[in-house]
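First up is the structure itself, then whatever we jot down about it.
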Amino acid sequence: MIIDRKGNTTIITQVNATVKTLVQNIENAYDTHKNYHLVVKLSSLDNITLEDVVEFLRLSNNHRASKKSFVIVTEKADLDQMPVEIVVVPTLQEAFDIIEMEDIERDLGF
């Protein structure tokens, strides 16, 4: 797990861990990330399934409930199969765009 911080966003890149292990690692270190928007890059897996993304659902819901964005970045998932409760985008730039839009929505009271 590689952690990088850009402004108010933490970018967590999966290297060798399975999705379950990655989720556990993020949850274990959550106190250090809870005040930042979270972007999780799933780059080392060949194929991202619906089940892989659902592993992040609880973490995403908890983080979004605290008025912070949670975005998964992968170009290896079928975006049409992803649940609407979690944000999955193919590029890092799109993740930053989503965070910016969600910040605007929060500022407007949505």
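Considered as a group, the residues in segment 6-23 that are exposed (fewer than 14 other Cβ atoms within 10 Å of the Cβ) and touching a strand residue (DSSP E or B) at 6+ places or on another chain (Cβ under 7 Å) include one that is nearest to residue 90 (Cα to Cα), and that residue is 15.
Of all the numbered requirements in (1) exposed (fewer than 14 other Cβ atoms within 10 Å of the Cβ); (2) under 10 Å from the mean Cα position of the chain (by Cα), residue 110 misses one, and that requirement is (2). Condition first: assigned to a helix (DSSP H, G or I) and either over 14 Å from the mean Cα position of the chain (by Cα) or not aliphatic (A, V, I, L, M) (or both). Can you find one or more residues in segment 6-18 that meet it? The answer is no, given that none of the residues of segment 6-18 is assigned to a helix (DSSP H, G or I) and either over 14 Å from the mean Cα position of the chain (by Cα) or not aliphatic (A, V, I, L, M) (or both).
Taken over segment 32-73, residues that are touching a Leu at 6+ places or on another chain (Cβ under 9 Å) and either in a loop (DSSP other than H, G, I, E, B) or over 18 Å from residue 11 (Cβ atoms) (or both) amount to 5. Residue 26 meets all of the listed conditions (1) surrounded by fewer than 12 Cβ atoms within 10 Å (Cβ to Cβ); (2) within 14 Å of the chain's Cα centre (by Cα); (3) assigned to a helix (DSSP H, G or I) but one, namely (1). Looking only at segment 63-77, residues that are without any contact (Cβ under 8 Å) to a residue 12 or more places away in the chain and in contact with a strand residue (DSSP E or B) (Cβ under 9 Å, 6 or more places away or on another chain) come to 1 in all.
Of everything in segment 42-79 that is surrounded by fewer than 17 Cβ atoms within 10 Å (Cβ to Cβ) and aliphatic (A, V, I, L, M), the residue that is modelled with the lowest pLDDT is 45. Taking residues in segment 80-94 that are touching a residue at least 60 places away in the same chain (Cβ under 8 Å), and partners anywhere that are part of a strand (DSSP E or B), the pairs with Cβ atoms closer than 8 Å and at least 6 places apart or on different chains are 92/11; 92/39; 92/41; 92/73. Restricting the first member to segment 48-62 and to residues that are among the polar types (S, T, N, Q), and the second to residues that are surrounded by 14 or more Cβ atoms within 10 Å (Cβ to Cβ), the beta-carbon pairs closer than 7 Å and six or more apart or on different chains are 60/70; 60/86.
The values are calculated or read from the model by the stated rules, or taken from the named source; none is laboratory data. Only a predicted model underlies this, so the values are computations on that prediction, with no experimental measurement involved. Using ideal geometry, Cβ is built from the backbone for each residue, glycine included, and neighbour counts are taken over all protein chains shown.
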